[in-house]
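Take a look at the structure below.
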Amino acid sequence: MDFRLTEKQEALKQEFEDFFREIMKEAPPEFGRGGLEAIYNTAEGFQFHKYVAKKLGERGWIARPWPKKYGGQEAPIIEQLIFNEVREKHRAPGIDNFGVGMFAPTLLVGATEEQKERLLPPIAKGEVVYCQGWSEPNAGSDLASLQTKAIRDGDDYVINGQKIWTTGAHRSDCMFLLARTDPNEKRHRGLSVFHLSMDLPGIEVRPIKYMDNKHLYNEVFFTDVRVPASDRIGEENDGWKLTRDTMNFERSGVGKYAQCESVLNELISFVKNTKRDGKFLSEDPLVRQKIARLFIDLQCGYMLAYKIGWMQDKAGLSFAASAASESKVFGTELIQRFANYGTEIMGLYGQLEKSKWAPMEGSMVEDYQFCVGSNIAAGTSEIQRNLIAWVALELPRFK
(Lines give C-alpha, C1' and ligand atoms only; values in the text may rest on other atoms or scores of the structure.)
Protein backbone atom coordinates (compact mmCIF):
# COMPACT_ATOMS: atom_id res chain seq x y z
CA MET A 1 0.00 0.00 0.00
CA ASP A 2 1.44 3.37 -1.05
CA PHE A 3 0.46 6.32 1.12
CA ARG A 4 2.41 8.90 -0.87
CA LEU A 5 0.60 11.64 -2.81
CA THR A 6 0.87 11.76 -6.59
CA GLU A 7 2.75 14.59 -8.31
CA LYS A 8 -0.57 16.22 -9.19
CA GLN A 9 -1.75 15.99 -5.59
CA GLU A 10 1.55 17.40 -4.31
CA ALA A 11 1.22 20.36 -6.69
CA LEU A 12 -2.35 20.94 -5.56
CA LYS A 13 -1.26 20.80 -1.93
CA GLN A 14 1.40 23.42 -2.61
CA GLU A 15 -1.22 25.65 -4.26
CA PHE A 16 -3.34 25.43 -1.12
CA GLU A 17 -0.27 26.13 1.03
CA ASP A 18 0.61 29.27 -0.92
CA PHE A 19 -2.95 30.61 -0.76
CA PHE A 20 -3.45 30.15 2.98
CA ARG A 21 0.03 31.40 3.87
CA GLU A 22 -0.72 34.69 2.11
CA ILE A 23 -4.33 35.22 3.14
CA MET A 24 -3.63 34.56 6.81
CA LYS A 25 -1.34 37.61 6.75
CA GLU A 26 -4.58 39.62 6.45
CA ALA A 27 -6.16 38.11 9.59
CA PRO A 28 -7.17 40.74 12.18
CA PRO A 29 -5.42 40.65 15.57
CA GLU A 30 -8.72 39.57 17.14
CA PHE A 31 -8.56 36.34 15.16
CA GLY A 32 -5.73 35.04 17.32
CA ARG A 33 -4.79 31.41 16.73
CA GLY A 34 -7.99 30.55 14.89
CA GLY A 35 -10.71 28.05 15.75
CA LEU A 36 -14.45 28.44 16.22
CA GLU A 37 -14.04 31.04 18.96
CA ALA A 38 -12.00 33.22 16.62
CA ILE A 39 -14.78 33.01 14.02
CA TYR A 40 -17.85 33.55 16.18
CA ASN A 41 -16.70 35.57 19.19
CA THR A 42 -15.91 38.91 17.53
CA ALA A 43 -17.41 40.81 14.60
CA GLU A 44 -13.90 41.26 13.13
CA GLY A 45 -13.19 37.53 13.26
CA PHE A 46 -16.52 36.68 11.67
CA GLN A 47 -16.06 39.21 8.86
CA PHE A 48 -12.62 37.74 8.12
CA HIS A 49 -14.21 34.28 8.02
CA LYS A 50 -16.77 35.47 5.45
CA TYR A 51 -14.04 37.22 3.44
CA VAL A 52 -11.98 34.02 3.21
CA ALA A 53 -15.11 32.00 2.40
CA LYS A 54 -15.83 34.26 -0.56
CA LYS A 55 -12.27 33.83 -1.85
CA LEU A 56 -12.51 30.05 -1.51
CA GLY A 57 -15.90 30.03 -3.23
CA GLU A 58 -14.51 31.99 -6.17
CA ARG A 59 -11.81 29.34 -6.59
CA GLY A 60 -14.27 26.47 -6.32
CA TRP A 61 -12.40 25.08 -3.32
CA ILE A 62 -15.25 24.80 -0.83
CA ALA A 63 -17.02 21.90 -2.51
CA ARG A 64 -14.50 20.28 -4.83
CA PRO A 65 -15.98 16.72 -4.74
CA TRP A 66 -19.60 17.79 -5.35
CA PRO A 67 -21.32 17.47 -8.73
CA LYS A 68 -20.71 20.50 -10.95
CA LYS A 69 -24.41 21.33 -11.20
CA TYR A 70 -24.44 22.06 -7.45
CA GLY A 71 -21.28 24.18 -7.47
CA GLY A 72 -18.62 21.48 -7.15
CA GLN A 73 -15.85 20.29 -9.44
CA GLU A 74 -16.41 16.53 -9.22
CA ALA A 75 -12.86 16.18 -7.89
CA PRO A 76 -11.70 13.08 -5.99
CA ILE A 77 -12.52 13.19 -2.27
CA ILE A 78 -8.82 12.78 -1.49
CA GLU A 79 -8.26 16.28 -2.90
CA GLN A 80 -10.80 17.69 -0.45
CA LEU A 81 -8.98 15.90 2.38
CA ILE A 82 -5.72 17.51 1.28
CA PHE A 83 -7.43 20.91 1.23
CA ASN A 84 -8.90 20.38 4.70
CA GLU A 85 -5.52 19.32 6.07
CA VAL A 86 -3.69 22.37 4.72
CA ARG A 87 -6.38 24.84 5.81
CA GLU A 88 -6.45 23.51 9.35
CA LYS A 89 -2.66 23.52 9.55
CA HIS A 90 -2.77 27.27 8.87
CA ARG A 91 -5.70 27.68 11.30
CA ALA A 92 -7.59 29.45 8.52
CA PRO A 93 -11.34 30.15 8.49
CA GLY A 94 -13.57 30.24 5.41
CA ILE A 95 -15.23 26.84 5.72
CA ASP A 96 -18.58 26.59 7.49
CA ASN A 97 -18.09 23.33 9.39
CA PHE A 98 -21.83 22.87 9.82
CA GLY A 99 -23.03 23.84 6.34
CA VAL A 100 -20.15 22.41 4.30
CA GLY A 101 -19.05 19.57 6.54
CA MET A 102 -22.38 18.25 7.80
CA PHE A 103 -25.54 19.60 6.15
CA ALA A 104 -24.35 19.63 2.53
CA PRO A 105 -23.33 15.93 2.51
CA THR A 106 -26.69 15.18 4.14
CA LEU A 107 -28.44 17.00 1.30
CA LEU A 108 -26.40 15.09 -1.27
CA VAL A 109 -27.50 11.82 0.33
CA GLY A 110 -31.13 12.50 1.22
CA ALA A 111 -32.56 15.68 -0.36
CA THR A 112 -34.82 16.05 -3.38
CA GLU A 113 -33.39 17.39 -6.61
CA GLU A 114 -35.20 20.70 -6.06
CA GLN A 115 -33.67 21.04 -2.59
CA LYS A 116 -30.18 20.25 -3.84
CA GLU A 117 -30.39 22.82 -6.63
CA ARG A 118 -31.75 25.45 -4.22
CA LEU A 119 -29.61 24.90 -1.13
CA LEU A 120 -26.22 23.57 -2.28
CA PRO A 121 -24.91 26.34 -4.63
CA PRO A 122 -24.99 29.10 -1.94
CA ILE A 123 -23.00 26.80 0.37
CA ALA A 124 -20.47 26.09 -2.39
CA LYS A 125 -20.02 29.84 -2.96
CA GLY A 126 -19.49 30.58 0.72
CA GLU A 127 -22.55 32.82 0.82
CA VAL A 128 -24.43 31.25 3.73
CA VAL A 129 -23.54 30.23 7.31
CA TYR A 130 -25.32 27.36 9.09
CA CYS A 131 -25.75 26.20 12.66
CA GLN A 132 -26.80 22.78 13.97
CA GLY A 133 -30.13 22.39 15.79
CA TRP A 134 -29.60 19.11 17.63
CA SER A 135 -28.81 19.16 21.36
CA GLU A 136 -31.47 20.03 23.93
CA PRO A 137 -31.34 20.53 27.72
CA ASN A 138 -32.35 16.88 28.23
CA ALA A 139 -31.06 15.43 24.97
CA GLY A 140 -27.34 15.79 24.33
CA SER A 141 -25.43 12.58 23.76
CA ASP A 142 -28.80 10.81 23.98
CA LEU A 143 -30.04 12.79 20.99
CA ALA A 144 -32.86 10.38 20.13
CA SER A 145 -34.76 11.51 23.24
CA LEU A 146 -35.22 15.09 21.95
CA GLN A 147 -38.58 16.79 22.51
CA THR A 148 -38.70 19.76 20.10
CA LYS A 149 -41.84 19.20 18.01
CA ALA A 150 -42.63 19.98 14.38
CA ILE A 151 -46.34 19.36 13.76
CA ARG A 152 -47.76 19.39 10.24
CA ASP A 153 -50.32 22.14 9.56
CA GLY A 154 -51.33 22.28 5.92
CA ASP A 155 -48.31 23.18 3.79
CA ASP A 156 -46.22 24.05 6.85
CA TYR A 157 -44.76 22.53 9.98
CA VAL A 158 -45.18 24.43 13.26
CA ILE A 159 -42.09 24.11 15.48
CA ASN A 160 -42.04 24.53 19.26
CA GLY A 161 -39.20 23.68 21.62
CA GLN A 162 -35.65 24.55 22.64
CA LYS A 163 -32.12 23.75 21.47
CA ILE A 164 -28.96 24.37 23.47
CA TRP A 165 -25.18 24.60 22.95
CA THR A 166 -25.91 25.80 19.40
CA THR A 167 -22.54 26.92 18.09
CA GLY A 168 -22.61 30.19 16.18
CA ALA A 169 -26.40 30.56 16.14
CA HIS A 170 -26.02 34.29 16.83
CA ARG A 171 -24.20 34.76 13.51
CA SER A 172 -25.82 32.08 11.34
CA ASP A 173 -28.15 32.58 8.40
CA CYS A 174 -29.74 29.13 8.54
CA MET A 175 -30.07 26.02 10.70
CA PHE A 176 -30.51 22.33 9.99
CA LEU A 177 -32.87 21.07 12.65
CA LEU A 178 -33.86 17.68 14.03
CA ALA A 179 -37.37 17.67 15.49
CA ARG A 180 -40.11 15.22 16.46
CA THR A 181 -42.83 15.07 13.80
CA ASP A 182 -44.74 12.23 15.48
CA PRO A 183 -45.19 13.05 19.20
CA ASN A 184 -46.66 9.59 19.82
CA GLU A 185 -43.40 7.88 18.93
CA LYS A 186 -40.39 7.67 21.23
CA ARG A 187 -36.64 7.81 20.76
CA HIS A 188 -35.39 7.65 17.17
CA ARG A 189 -38.80 6.93 15.66
CA GLY A 190 -40.86 9.89 14.50
CA LEU A 191 -37.97 12.34 13.91
CA SER A 192 -37.46 14.52 10.82
CA VAL A 193 -34.78 16.86 9.47
CA PHE A 194 -35.55 20.45 8.48
CA HIS A 195 -33.82 23.39 6.85
CA LEU A 196 -34.88 26.78 8.19
CA SER A 197 -33.87 30.43 8.07
CA MET A 198 -32.78 31.96 11.37
CA ASP A 199 -34.78 35.15 10.73
CA LEU A 200 -38.16 33.39 10.84
CA PRO A 201 -40.69 34.84 13.31
CA GLY A 202 -40.71 32.98 16.61
CA ILE A 203 -36.97 32.17 16.79
CA GLU A 204 -35.11 33.61 19.77
CA VAL A 205 -31.35 33.22 20.27
CA ARG A 206 -29.90 33.69 23.77
CA PRO A 207 -26.13 33.70 24.40
CA ILE A 208 -24.32 31.24 26.68
CA LYS A 209 -21.07 33.05 27.49
CA TYR A 210 -17.84 31.68 28.89
CA MET A 211 -16.52 32.92 32.22
CA ASP A 212 -14.16 35.18 30.26
CA ASN A 213 -17.19 36.59 28.37
CA LYS A 214 -16.38 34.92 25.05
CA HIS A 215 -19.45 34.00 23.02
CA LEU A 216 -19.59 30.80 20.99
CA TYR A 217 -22.63 28.84 22.23
CA ASN A 218 -26.31 29.73 22.41
CA GLU A 219 -29.76 28.62 23.44
CA VAL A 220 -32.36 28.75 20.65
CA PHE A 221 -36.09 28.89 21.43
CA PHE A 222 -38.85 28.10 18.91
CA THR A 223 -42.35 29.46 19.46
CA ASP A 224 -44.88 28.58 16.74
CA VAL A 225 -42.21 28.83 14.04
CA ARG A 226 -43.71 27.99 10.65
CA VAL A 227 -41.46 26.15 8.18
CA PRO A 228 -42.65 25.14 4.70
CA ALA A 229 -43.03 21.41 4.16
CA SER A 230 -40.74 21.86 1.15
CA ASP A 231 -37.91 22.44 3.65
CA ARG A 232 -38.23 19.02 5.26
CA ILE A 233 -35.23 16.97 4.17
CA GLY A 234 -36.01 13.32 3.51
CA GLU A 235 -39.16 11.44 4.39
CA GLU A 236 -41.29 12.42 7.36
CA ASN A 237 -40.43 10.48 10.54
CA ASP A 238 -37.32 9.00 8.88
CA GLY A 239 -34.86 11.66 10.00
CA TRP A 240 -32.81 9.45 12.29
CA LYS A 241 -31.12 7.62 9.42
CA LEU A 242 -30.14 10.93 7.82
CA THR A 243 -28.92 12.19 11.17
CA ARG A 244 -26.67 9.16 11.63
CA ASP A 245 -25.17 9.88 8.20
CA THR A 246 -24.59 13.48 9.30
CA MET A 247 -22.84 12.24 12.44
CA ASN A 248 -20.47 10.23 10.26
CA PHE A 249 -19.63 13.30 8.17
CA GLU A 250 -18.97 15.33 11.33
CA ARG A 251 -16.64 12.74 12.84
CA SER A 252 -14.59 11.87 9.78
CA GLY A 253 -12.57 15.08 9.26
CA VAL A 254 -8.80 15.25 8.93
CA GLY A 255 -8.75 18.78 10.35
CA LYS A 256 -8.14 17.84 13.98
CA TYR A 257 -4.98 15.97 13.03
CA ALA A 258 -3.68 18.95 11.04
CA GLN A 259 -4.29 21.15 14.09
CA CYS A 260 -2.35 18.68 16.22
CA GLU A 261 0.51 18.72 13.71
CA SER A 262 0.79 22.50 14.06
CA VAL A 263 0.97 22.16 17.83
CA LEU A 264 3.53 19.36 17.52
CA ASN A 265 5.80 21.51 15.33
CA GLU A 266 5.61 24.30 17.90
CA LEU A 267 6.40 21.89 20.72
CA ILE A 268 9.40 20.52 18.83
CA SER A 269 10.71 24.05 18.29
CA PHE A 270 10.17 24.80 22.00
CA VAL A 271 12.13 21.79 23.27
CA LYS A 272 14.96 22.41 20.79
CA ASN A 273 15.40 25.99 21.95
CA THR A 274 14.62 25.82 25.68
CA LYS A 275 17.10 24.86 28.37
CA ARG A 276 16.37 23.46 31.82
CA ASP A 277 19.19 22.74 34.29
CA GLY A 278 21.73 23.66 31.65
CA LYS A 279 20.47 21.25 28.98
CA PHE A 280 18.06 21.61 26.12
CA LEU A 281 14.71 19.92 26.78
CA SER A 282 15.25 17.96 23.57
CA GLU A 283 18.05 16.08 25.36
CA ASP A 284 15.73 14.90 28.14
CA PRO A 285 14.77 11.26 27.45
CA LEU A 286 11.31 11.68 29.03
CA VAL A 287 10.58 14.72 26.87
CA ARG A 288 11.81 12.88 23.76
CA GLN A 289 9.58 9.93 24.62
CA LYS A 290 6.49 12.14 24.90
CA ILE A 291 7.25 13.96 21.64
CA ALA A 292 7.84 10.65 19.86
CA ARG A 293 4.55 9.20 21.08
CA LEU A 294 2.65 12.29 19.91
CA PHE A 295 4.29 11.99 16.48
CA ILE A 296 3.45 8.28 16.15
CA ASP A 297 -0.14 8.80 17.31
CA LEU A 298 -0.53 11.68 14.87
CA GLN A 299 0.54 9.50 11.94
CA CYS A 300 -1.98 6.84 13.04
CA GLY A 301 -4.69 9.51 13.15
CA TYR A 302 -3.91 10.68 9.63
CA MET A 303 -4.24 7.09 8.41
CA LEU A 304 -7.66 6.77 10.03
CA ALA A 305 -8.84 10.00 8.40
CA TYR A 306 -7.51 9.14 4.95
CA LYS A 307 -8.99 5.66 5.26
CA ILE A 308 -12.40 7.28 5.64
CA GLY A 309 -11.78 9.40 2.55
CA TRP A 310 -10.88 6.24 0.65
CA MET A 311 -14.06 4.54 1.88
CA GLN A 312 -16.19 7.52 0.82
CA ASP A 313 -14.53 7.53 -2.57
CA LYS A 314 -15.21 3.81 -3.08
CA ALA A 315 -18.58 3.38 -1.39
CA GLY A 316 -20.17 6.85 -1.53
CA LEU A 317 -20.83 9.37 1.23
CA SER A 318 -22.74 6.88 3.38
CA PHE A 319 -20.36 4.38 4.94
CA ALA A 320 -19.94 2.32 8.09
CA ALA A 321 -20.42 4.42 11.21
CA SER A 322 -17.64 2.55 12.99
CA ALA A 323 -14.95 4.06 10.74
CA ALA A 324 -16.02 7.60 11.58
CA SER A 325 -16.26 6.70 15.27
CA GLU A 326 -12.73 5.30 15.20
CA SER A 327 -11.36 8.58 13.89
CA LYS A 328 -13.48 10.68 16.23
CA VAL A 329 -12.59 8.91 19.47
CA PHE A 330 -8.90 8.58 18.56
CA GLY A 331 -8.62 12.19 17.41
CA THR A 332 -10.32 13.85 20.37
CA GLU A 333 -8.35 11.76 22.87
CA LEU A 334 -5.18 12.64 20.96
CA ILE A 335 -6.06 16.32 21.45
CA GLN A 336 -6.13 15.62 25.18
CA ARG A 337 -2.72 13.93 25.08
CA PHE A 338 -1.28 16.92 23.25
CA ALA A 339 -2.61 19.30 25.92
CA ASN A 340 -1.43 17.10 28.79
CA TYR A 341 2.03 16.38 27.39
CA GLY A 342 2.54 19.96 26.26
CA THR A 343 1.69 21.32 29.70
CA GLU A 344 3.94 18.75 31.38
CA ILE A 345 6.88 19.55 29.07
CA MET A 346 6.56 23.30 29.64
CA GLY A 347 6.25 22.97 33.40
CA LEU A 348 5.07 26.08 35.25
CA TYR A 349 5.60 28.21 32.15
CA GLY A 350 2.82 26.24 30.47
CA GLN A 351 0.35 27.86 32.86
CA LEU A 352 1.13 31.39 31.68
CA GLU A 353 -1.30 32.99 29.26
CA LYS A 354 -0.70 36.71 28.75
CA SER A 355 2.99 37.16 29.45
CA LYS A 356 6.25 37.58 27.57
CA TRP A 357 7.34 34.38 29.32
CA ALA A 358 4.40 32.35 28.00
CA PRO A 359 5.53 29.68 25.48
CA MET A 360 3.56 29.36 22.24
CA GLU A 361 1.71 32.64 22.94
CA GLY A 362 0.14 31.10 26.04
CA SER A 363 -2.02 28.79 23.89
CA MET A 364 -1.37 25.71 26.01
CA VAL A 365 -3.49 27.13 28.85
CA GLU A 366 -6.57 27.33 26.67
CA ASP A 367 -5.85 23.98 25.01
CA TYR A 368 -5.59 22.31 28.41
CA GLN A 369 -8.81 23.88 29.70
CA PHE A 370 -10.79 23.18 26.53
CA CYS A 371 -9.62 19.67 25.64
CA VAL A 372 -11.93 17.87 28.09
CA GLY A 373 -14.93 19.10 26.11
CA SER A 374 -13.58 17.58 22.89
CA ASN A 375 -14.43 14.12 24.22
CA ILE A 376 -18.06 15.20 24.67
CA ALA A 377 -18.83 17.32 21.59
CA ALA A 378 -20.20 15.43 18.57
CA GLY A 379 -20.81 12.32 20.70
CA THR A 380 -18.90 11.17 23.75
CA SER A 381 -16.03 8.71 23.57
CA GLU A 382 -18.22 6.16 25.38
CA ILE A 383 -20.82 6.40 22.62
CA GLN A 384 -18.12 6.07 19.94
CA ARG A 385 -16.78 2.89 21.55
CA ASN A 386 -20.28 1.44 21.71
CA LEU A 387 -20.76 2.15 17.99
CA ILE A 388 -17.44 0.48 17.19
CA ALA A 389 -18.45 -2.54 19.30
CA TRP A 390 -21.91 -2.84 17.76
CA VAL A 391 -21.16 -2.06 14.11
CA ALA A 392 -17.57 -3.19 13.56
CA LEU A 393 -17.25 -6.02 16.08
CA GLU A 394 -20.94 -7.09 16.02
CA LEU A 395 -21.08 -7.33 19.80
CA PRO A 396 -24.55 -7.46 21.40
CA ARG A 397 -26.35 -4.20 22.15
CA PHE A 398 -27.45 -3.20 25.62
CA LYS A 399 -30.96 -4.26 26.53
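The values are calculated or read from the model by the stated rules, or taken from the named source; none is laboratory data. Keep in mind that this is a model prediction, so the values were computed, not measured. As a convention, Cβ positions derive from the backbone with ideal geometry for all residues, glycine included, and neighbour counts pool all protein chains shown.
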- request: Name the single residue, out of those in region 98-135 being touching a residue at least 40 places away in the same chain (Cβ under 8 Å), of a type outside the set (Asp, Glu) and in a loop (DSSP other than H, G, I, E, B), that is surrounded by the fewest Cβ atoms within 10 Å (Cβ to Cβ).
  value: Lys125
query: Among the residues of region 332-384, which ones are under 29 Å from Ala139 (Cα atoms) and of a type in the set (Val, Ile, Thr)?
result: Thr332, Ile335, Val372, Ile376, Thr380, Ile383
So Leu200, is it surrounded by 13 or more Cβ atoms within 10 Å (Cβ to Cβ), free of Cβ contacts under 8 Å to residues at least 60 places away in the same chain and in contact with a Phe, Trp or Tyr (Cβ under 7 Å, 6 or more places away or on another chain): no
task: Mind listing whichever residues of region 136-147 are part of a loop (DSSP other than H, G, I, E, B) and either in contact with an Asp or Glu (Cβ under 7 Å, 6 or more places away or on another chain) or hydroxyl-bearing (Ser, Thr, Tyr) (or both)?
output: Ser141, Leu146, Gln147
field: The listed residue being within 30 Å of Cys371 (Cα to Cα) and either at pLDDT 90 or above or in the same structural domain as Phe16 (by TED's automatic domain parsing) (or both), out of Lys68, Lys50
entry: Lys50
statement: Note: among Arg293, Arg226, just one is surrounded by 14 or more Cβ atoms within 10 Å (Cβ to Cβ), at pLDDT 90 or above and out of contact with any helix residue (DSSP H, G or I) (no Cβ under 6 Å at 6 or more places or on another chain), namely Arg226
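Just one of Lys256, Lys272 is in a helix (DSSP H, G or I), surrounded by 13 or more Cβ atoms within 10 Å (Cβ to Cβ) and either touching a helix residue (DSSP H, G or I) at 6+ places or on another chain (Cβ under 9 Å) or touching a residue at least 40 places away in the same chain (Cβ under 8 Å) (or both); which is it? Can you show your working first?
Values: Lys272 fails: surrounded by 13 or more Cβ atoms within 10 Å (Cβ to Cβ).
Every option except Lys256 fails the conditions.
Taking region 5-33 as the search range and keeping residues that are of a type in the set (D, E, K, R) and in contact (Cβ under 8 Å) with a residue 60 or more places away in the chain, which one is nearest to Ser262 (Cα to Cα)?
Going through region 5-33, the residues of a type in the set (D, E, K, R) turn out to be 7-8, 10, 13, 15, 17-18, 21-22, 25-26, 30, 33.
Imposing the further condition that a residue be in contact (Cβ under 8 Å) with a residue 60 or more places away in the chain reduces the set to 13, 17, 21, 33.
Values: Lys13: 16, Glu17: 14, Arg21: 14, Arg33: 11 Å.
Filtering region 5-33 for residues that are of a type in the set (D, E, K, R) and in contact (Cβ under 8 Å) with a residue 60 or more places away in the chain, the one nearest to Ser262 (Cα to Cα) comes out as Arg33.
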